[in-house]
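Chemist: My questions will all concern the structure given below.
The values are calculated or read from the model by the stated rules, or taken from the named source; none is laboratory data. Please read these numbers as outputs of a predicted model, since none were measured by experiment. All Cβ positions, even for glycine, are placed from backbone atoms using ideal geometry, and neighbour counts span all protein chains on display.
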Amino acid sequence: MTLDDILASLFPDGHDVKNSGGVLSGSGALRSGGRALVIGVADRTALGVDEAIRLSNYVLASLENGNAPILVLADSDSQRMSKRDELLGLNEFLAHLAKSLIYADMRGRPAIGLLYGHSAAGALLATALATRVLVGLPSADPAVMDLPSMARVTKLSIEVLQEKAKSTPVFAPGLRNLAQTGAVHLTWDETVPLAEQLDSLLANMPDARDRRDALGVERGGRPKAYAIAERVRELALQAL
Amino acid sequence: MSAPHTQTTKSSAELDRTASWYEASARTRVRLLLDPGSVVEFIGPEKREVSPHLKLFDLPEQFDDGIVVGRGRLDGSPVFVAAQEGRFMGGAFGEVHGAKLTGLLRAARDIGSVPVLILFDTGGVRLQEANAGELAIAEIMRAVIEARTAGVKVIGLIGGRAGCYGGGGLIAGCCSALAVSEQGRISVSGPEVIETNRGVEEFDSRDRALVWRTMGGKHRRLLGGAEVFVDDTIQDFRDAALELLSSIRAFGIDTLRAEQSRLEDRLQRFGACPDAVDIWTAEGIPDAVSIPALPADQFIALADKVRRSSRDAR
Amino acid sequence: MEDLSFRHATRQRAAGTKKLAVIGVVASGNLEVLAERVLPDSECLVEIRTAAAGFGEVWDAVIADFVKGYSPGGLRFSINDGGARPDTVSLRLAQAARLMQEDDQ
């Protein structure tokens, strides 16, 4: 699905989402009433300081306008890898965007990520992974790290890595692998109107607690994270 | 081999705090940073909770998966602490490594009043478990914000061998405040990553002076990316942690709005600067090229004069 | 990876009361040693996981030498090795043994 198809299918009653240099902003009419804020990164654009500051601005500006959900659409590159971005403190800009989304989510504007294309590394952390529920479309092809880079660092051939990837979802790119670790909550069906699937998600929106580690155990993608986090939490609570 | 009983070294608990932060191990940093004898580790190395994924790559495990988490006291007050070991797999976040920090932050959130000190030393996501590591970082970022919203102060201390790169840089950006030494580089993409993806004309990773002035502690302090600059000793980091704990204000929508303005202002003022030296000059530092060579005490005095760091915009 | 294990009888119990010590880090040319006071006083066990396979005889010699010099009775040493040289191994084992001689706080 193209971005236009996705927006049309999500908001049959209309939307005013604009794409300006790969940065998405606007809103869409929900069938259940109200308007969702829509932000995102499109056209496989790299997320740098200039893009991130605009996105966080949209989120913060919307905070006092009711309790409609925030949709975060993602088809991005990785973070922008440049001297200028790092010189200006890219880590702060990306963290600020993530903080704004998480804070909005905790303060009554549930954040829903919609991964419909590529995304990677710091861009994924600052957008899709900074939401309460992350939805994948079948066309999504996220890659925390691409296999050629992994081959360089691990000194293993791409063939060997591909072979290893058959036995574990823990490192290789792809929506299914990310879903198995618990990062992607659900995958929507492109043949059913997205508005219906959005309605059904909004009607059954989970509370704001982060359950991605428990999901990772259920799906067999992250065997230890949940148990370790819980054990540390309990030990720390007992300690005081 | 020397005889076992002739050694008259001081007991390890009495090692003084003049030791280099950069050279110390994660466990030594924790022990010397906090009050003597106060540290209790959670899921220590004797529990052998190692990475379940490294054996797939025929790589050696470390019993604590490269991170120490626990509680202790700082000047008599309880704190939670987490310290990454930058020499084990570059301090990178794997599944177990990350989950230990997530659990600690969630406990702090549940309690609401005990601060968390994070001693960063990381290259980012551990590639052999990239999906689990990336997600661990996302969970940690969420847990930091939940903790801060519940009133917890989360302080980052950065001055280790691996710096604070990749997702580590994003977590650092979520903290209430940061103290950094000259060695403590903070960045998302590392020098080699930029060079590999964009070419040596964009960034020459072998030009160490360029790396330090673009990502190093002095630049981060002058830019406002870190609140405090410290010399490379454990005592200096301890003093900085105490100072930051006493000066941090509550986190909320006003903090985020102030940060939005702070970062917009930075882009406007320095967005066209090609190099750190140009930014420092634009900040009003007369002899900006001399900054990298400036001793820590002189740099701290200069930085305090040039730019008061804002304590309510992060 | 290769797993090795060496059990020795010791002349005497390791001094001190410390239950546990860890020293070193798993990195190229380095290793971590975890020492635990969990065995009968007359025994010492060294268990190794090493990234450098095929050095069993060198380990055997280094550990025999260490046990002779320190008589670490009652201690189990667990090692994760990133391919350290024998002198580094000896140093870490000695450091671990010395840490165990301290009194527990």
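One line per residue, one yes/no per condition, for (1) without any contact (Cβ under 8 Å) to a residue 24 or more places away in the chain; (2) more than 22 Å from B:VAL188 (Cα to Cα):
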{"position": "A:LEU90", "(1), (2)": "no, no"}
{"position": "A:ALA95", "(1), (2)": "no, no"}
{"position": "A:ALA121", "(1), (2)": "no, no"}
{"position": "A:LEU124", "(1), (2)": "no, no"}
{"position": "A:VAL133", "(1), (2)": "no, yes"}
{"position": "A:LEU137", "(1), (2)": "no, yes"}
{"position": "A:ALA143", "(1), (2)": "no, no"}
{"position": "A:ILE158", "(1), (2)": "yes, yes"}
{"position": "A:SER167", "(1), (2)": "yes, yes"}
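Chemist: Would you check which residues across region B:263-304 are surrounded by fewer than 17 Cβ atoms within 10 Å (Cβ to Cβ), touching a residue at least 24 places away in the same chain (Cβ under 8 Å) and within 10 Å of chain A (Cβ to nearest Cβ) and list them?
Modeler: B:ASP275
Chemist: Can I ask one more? Condition first: of a type in the set (Phe, Trp, Tyr) and within 21 Å of B:VAL230 (Cα to Cα). Now tell me which residues in region B:263-301 satisfy that.
Modeler: If the condition is that a residue be of a type in the set (Phe, Trp, Tyr) and within 21 Å of B:VAL230 (Cα to Cα), then B:TRP280, B:PHE299 are the ones that fit.
Chemist: Follow-up. Tell me, yes or no, whether region B:235-254 has at least one residue that is outside any helix (DSSP H, G or I), surrounded by fewer than 24 Cβ atoms within 10 Å (Cβ to Cβ) and of a type in the set (S, T, N, Q).
Modeler: Checked against the condition, which is being outside any helix (DSSP H, G or I), surrounded by fewer than 24 Cβ atoms within 10 Å (Cβ to Cβ) and of a type in the set (S, T, N, Q), region B:235-254 yields no hits at all.
Chemist: Only one of these conditions is not met by A:GLY216: (1) more than 9 Å from every other protein chain (Cβ to nearest Cβ); (2) surrounded by 16 or more Cβ atoms within 10 Å (Cβ to Cβ); (3) at pLDDT 95 or above. Which number is it?
Modeler: (1)
Chemist: Restricting attention to region B:107-122, which residues are crowded, with 24+ Cβ neighbours inside 10 Å and touching a residue at least 40 places away in the same chain (Cβ under 8 Å)?
Modeler: Result: B:ALA108, B:LEU117, B:ILE118, B:LEU119, B:PHE120, B:ASP121, B:THR122.
Chemist: Sticking with this structure for a sec: Confirm whether A:ALA29 is more than 8 Å from chain B (Cβ to nearest Cβ), touching a helix residue (DSSP H, G or I) at 6+ places or on another chain (Cβ under 9 Å) and either surrounded by fewer than 21 Cβ atoms within 10 Å (Cβ to Cβ) or in contact (Cβ under 8 Å) with a residue 24 or more places away in the chain (or both). Quick ask: steps written out before the conclusion?
Modeler: Values: more than 8 Å from chain B (Cβ to nearest Cβ): yes; touching a helix residue (DSSP H, G or I) at 6+ places or on another chain (Cβ under 9 Å): no; either surrounded by fewer than 21 Cβ atoms within 10 Å (Cβ to Cβ) or in contact (Cβ under 8 Å) with a residue 24 or more places away in the chain (or both): yes.
When the stated conditions are applied, A:ALA29 does not pass them.
Chemist: Could you run through region C:35-55 and say how many residues are aliphatic (A, V, I, L, M), closer than 16 Å to C:GLN101 by Cα and free of Cβ contacts under 8 Å to residues at least 60 places away in the same chain?
Modeler: Applying the first criterion (aliphatic (A, V, I, L, M)) to region C:35-55 yields C:35, C:38-39, C:45-46, C:48, C:51-53.
From the residues that got through so far, the ones that are closer than 16 Å to C:GLN101 by Cα too are C:35, C:38-39.
Okay, now just the ones that are also free of Cβ contacts under 8 Å to residues at least 60 places away in the same chain, so C:38-39.
Of the residues in that region, 2 qualify.
Chemist: Another question, if that's okay. Checking the structure you have, find out if any residue of region A:223-234 is crowded, with 21+ Cβ neighbours inside 10 Å, facing chain B (nearest Cβ under 8 Å) and β-branched (Val, Ile, Thr).
Modeler: We begin by selecting, within region A:223-234, every residue crowded, with 21+ Cβ neighbours inside 10 Å; these are A:224-226, A:228-229, A:232-233.
Now restrict to residues that are facing chain B (nearest Cβ under 8 Å): A:224-226, A:228-229, A:232-233.
So of that shortlist, the ones also β-branched (Val, Ile, Thr) come out as A:228, A:232.
Yes, region A:223-234 contains at least one residue that is crowded, with 21+ Cβ neighbours inside 10 Å, facing chain B (nearest Cβ under 8 Å) and β-branched (Val, Ile, Thr).
Chemist: While we're here: Can you pull out the helices (runs of 4 or more DSSP H) entirely within region B:86-198 that have at least 1 residues that are facing chain A (nearest Cβ under 8 Å) and modelled with pLDDT of 95 or more? Lay out the reasoning, then the answer.
Modeler: On the way: elements: B:95-111, B:130-149, B:167-174, B:191-198.
The qualifying helices (runs of 4 or more DSSP H) are B:95-111, B:130-149, B:167-174.
Chemist: Does C:ARG13 meet the test of being over 25 Å from B:LEU54 (Cα atoms) and more than 14 Å from the chain's Cα centre (by Cα)? Show your work before the answer.
Modeler: Working: over 25 Å from B:LEU54 (Cα atoms): yes; more than 14 Å from the chain's Cα centre (by Cα): yes.
The answer is yes for C:ARG13.
Chemist: Here's a check for you: in region A:45-63, which residue that is closer than 28 Å to A:SER200 by Cβ and at the interface with chain B (Cβ under 10 Å from one of its Cβ atoms) is modelled with the highest pLDDT? Show your work before the answer.
Modeler: Step one: list which residues in region A:45-63 are closer than 28 Å to A:SER200 by Cβ, which gives A:55, A:58-59, A:62-63.
This time we only want the ones that are at the interface with chain B (Cβ under 10 Å from one of its Cβ atoms), so: A:59, A:63.
On the way: A:VAL59: 97, A:LEU63: 89.
Here the answer is A:VAL59.
Chemist: Going by the structure shown, is B:SER261 among the hydroxyl-bearing types (Ser, Thr, Tyr) and either in a helix (DSSP H, G or I) or more than 25 Å from the chain's Cα centre (by Cα) (or both)? Show your work before the answer.
Modeler: On the way: among the hydroxyl-bearing types (Ser, Thr, Tyr): yes; either in a helix (DSSP H, G or I) or more than 25 Å from the chain's Cα centre (by Cα) (or both): yes.
For B:SER261, the condition - among the hydroxyl-bearing types (Ser, Thr, Tyr) and either in a helix (DSSP H, G or I) or more than 25 Å from the chain's Cα centre (by Cα) (or both) - is met.
Chemist: In region A:50-86, what residues are surrounded by 24 or more Cβ atoms within 10 Å (Cβ to Cβ), under 23 Å from B:THR196 (Cα atoms) and either without any contact (Cβ under 8 Å) to a residue 24 or more places away in the chain or of a type in the set (A, V, I, L, M, F, W, C) (or both)?
Modeler: A:MET81, A:GLU86
Chemist: Then there's this: Identify the single condition in (1) surrounded by 22 or more Cβ atoms within 10 Å (Cβ to Cβ); (2) more than 8 Å from chain B (Cβ to nearest Cβ); (3) assigned to a loop (DSSP other than H, G, I, E, B) that A:ALA179 does not satisfy, given that it satisfies every other one.
Modeler: Result: A:ALA179 passes all but (3).
Chemist: Condition first: surrounded by fewer than 17 Cβ atoms within 10 Å (Cβ to Cβ), more than 9 Å from chain A (Cβ to nearest Cβ) and more than 17 Å from B:GLY160 (Cα to Cα). Can you find one or more residues in region B:17-31 that meet it?
Modeler: no
Yes or no, residue by residue, for (1) under 21 Å from B:LEU54 (Cα atoms); (2) modelled with pLDDT of 95 or more; (3) surrounded by fewer than 19 Cβ atoms within 10 Å (Cβ to Cβ); (4) within 11 Å of another protein chain (Cβ to nearest Cβ):
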position	(1), (2), (3), (4)
A:VAL153	yes, no, yes, yes
A:PHE171	yes, no, no, yes
A:LEU186	no, yes, yes, no
A:LEU202	no, yes, yes, no
A:ARG212	no, yes, no, yes
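Chemist: Hey, could you check region A:20-44 for residues that are among the hydroxyl-bearing types (Ser, Thr, Tyr) and at pLDDT 95 or above and say which is farthest from A:ASP85 (Cα to Cα)?
Modeler: Taking the candidates together, the pick is A:SER27.
Chemist: Any idea which of (1) at the interface with another protein chain (Cβ under 9 Å from one of its Cβ atoms); (2) crowded, with 20+ Cβ neighbours inside 10 Å; (3) touching a Leu at 6+ places or on another chain (Cβ under 9 Å); (4) in contact (Cβ under 8 Å) with a residue 24 or more places away in the chain is the one B:VAL81 doesn't satisfy?
Modeler: Evaluating B:VAL81 over (1) at the interface with another protein chain (Cβ under 9 Å from one of its Cβ atoms); (2) crowded, with 20+ Cβ neighbours inside 10 Å; (3) touching a Leu at 6+ places or on another chain (Cβ under 9 Å); (4) in contact (Cβ under 8 Å) with a residue 24 or more places away in the chain leaves (1) as the failure.
Chemist: Still on this structure, please answer the following. Only one of these conditions is not met by B:VAL69: (1) surrounded by 24 or more Cβ atoms within 10 Å (Cβ to Cβ); (2) more than 10 Å from chain A (Cβ to nearest Cβ); (3) in contact with a strand residue (DSSP E or B) (Cβ under 8 Å, 6 or more places away or on another chain). Which number is it?
Modeler: Failed condition: (2).
Chemist: Further question on the same structure: Looking for whichever is in contact with a Leu (Cβ under 6 Å, 6 or more places away or on another chain) and among the aliphatic types (A, V, I, L, M) here; the options are C:ALA15, C:ALA84. Which one fits? Give the steps one after another, and end with the answer.
Modeler: Numbers: C:ALA15 fails: in contact with a Leu (Cβ under 6 Å, 6 or more places away or on another chain).
Answer to the selection: C:ALA84.
Chemist: Same structure, new question: Write out, first by first residue and then by second, each pair whose Cβ atoms fall under 8 Å of each other, whose residues are 6+ apart or on separate chains, and whose first residue, in region B:169-187, is farther than 7 Å from B:GLY159 by Cα and without any contact (Cβ under 8 Å) to a residue 40 or more places away in the chain while the second is of a type in the set (Lys, Arg) and surrounded by fewer than 24 Cβ atoms within 10 Å (Cβ to Cβ).
Modeler: Close Cβ pairs satisfying both conditions: none exist.
Chemist: Then there is this: Taking region C:19-34, which residues are crowded, with 19+ Cβ neighbours inside 10 Å and of a type outside the set (A, V, I, L, M, F, W, C)?
Modeler: Of everything in region C:19-34, those that are crowded, with 19+ Cβ neighbours inside 10 Å and of a type outside the set (A, V, I, L, M, F, W, C) turn out to be C:GLY24, C:ASN30, C:GLU32.
Chemist: Output the residue which, of all residues in region B:195-234 that are aliphatic (A, V, I, L, M) and touching a residue at least 60 places away in the same chain (Cβ under 8 Å), is surrounded by the fewest Cβ atoms within 10 Å (Cβ to Cβ). Give the steps one after another, and end with the answer.
Modeler: Taking region B:195-234 as the starting set, the residues that turn out to be aliphatic (A, V, I, L, M) are B:200, B:209-211, B:215, B:222-223, B:226, B:228, B:230, B:234.
Still in the list and also touching a residue at least 60 places away in the same chain (Cβ under 8 Å): B:209, B:222, B:226, B:228, B:230, B:234.
Details: B:ALA209: 9, B:LEU222: 23, B:ALA226: 30, B:VAL228: 26, B:VAL230: 28, B:ILE234: 24.
Here the residue is B:ALA209.
Chemist: How many residues does region B:48-65 contain that are closer than 20 Å to A:LYS164 by Cα and more than 8 Å from chain C (Cβ to nearest Cβ)? Spell out how you get there, then give the answer.
Modeler: Start the filter on region B:48-65 by keeping residues that are closer than 20 Å to A:LYS164 by Cα, which leaves B:50-61.
Subset that is more than 8 Å from chain C (Cβ to nearest Cβ): B:50-54, B:56-57.
Result for region B:48-65: 7.
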